[in-house]
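For reference, the structure is listed below as structure tokens.
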Amino acid sequence: MKIQTLISALVLAASGSVFAQAPAVADPTATPKIDQRIASQQKRIDQGVASGQLTAKETRRLDKREAKLVANTAAAKADGTVTRAERLRLKREAKNNSHVIHKQKHDKQTAPVAAK
């Protein structure tokens with residue numbers, strides 16, 4: 001009888017610790033990959049300006065595209081949940097922006113580099 005009680009107590013204690021350590025629920029509005037990509041692409045634009053690979057007009061256009069991506073990300077987060085479809089749309093927009101940045105940085109247009 002004592003052994004059954006001991007086993008029951010051990011099982012109960014073990015199962016209680018499993019439930020006590022339940023993983024925290026992930027933030028449904030978190031978009032760390034998109035946020036990192038936005039920062040990375042802005043860095044690429046800034047580097048293109050510094051090196052003279054981007055003209056002022058190209059920079060304005062690229063900054064507008066990035067601002068639109070930031071606004072779309074905020075709009076997706078506004079209702080409290082970023083759905084799979086919204087994530088895919090944001091990912092596609094970020095990918096398209098990345099291609100445009102590459103294209104503009106590697107075209108034959110250059111801006112004069114300011115003297116330091």
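Across the range 82-102, not a single residue is classified as among the small types (Gly, Ala, Ser) and open to solvent by 70 Å² or more (accessible area, probe 1.4 Å). If you go through the range 27-56 and keep only what is charged (D, E, K, R) and over 15 Å from His106 (Cα atoms), you end up with Asp27, Lys33, Asp35, Arg37, Lys43. Residues in the range 104-116 that are assigned to a loop (DSSP other than H, G, I, E, B) and under 18 Å from Ser40 (Cβ atoms): His106 only.
Looking only at helices (runs of 4 or more DSSP H) that fall completely inside the range 1-103, which ones have 3 or more residues that are among the charged types (D, E, K, R) and modelled with pLDDT of 95 or more?
32-51, 56-77
The values are calculated or read from the model by the stated rules, or taken from the named source; none is laboratory data. Since the model is a prediction, treat every value here as computed from it, not as a measurement. Cβ atoms come from the backbone with ideal geometry, glycine included; neighbour counts cover every protein chain shown. All accessible areas refer to the heavy atoms of the entire protein, side chains included, with ligands and DNA or RNA removed. Shrake-Rupley method; radii C 1.70, N 1.55, O 1.52, S 1.80 Å.
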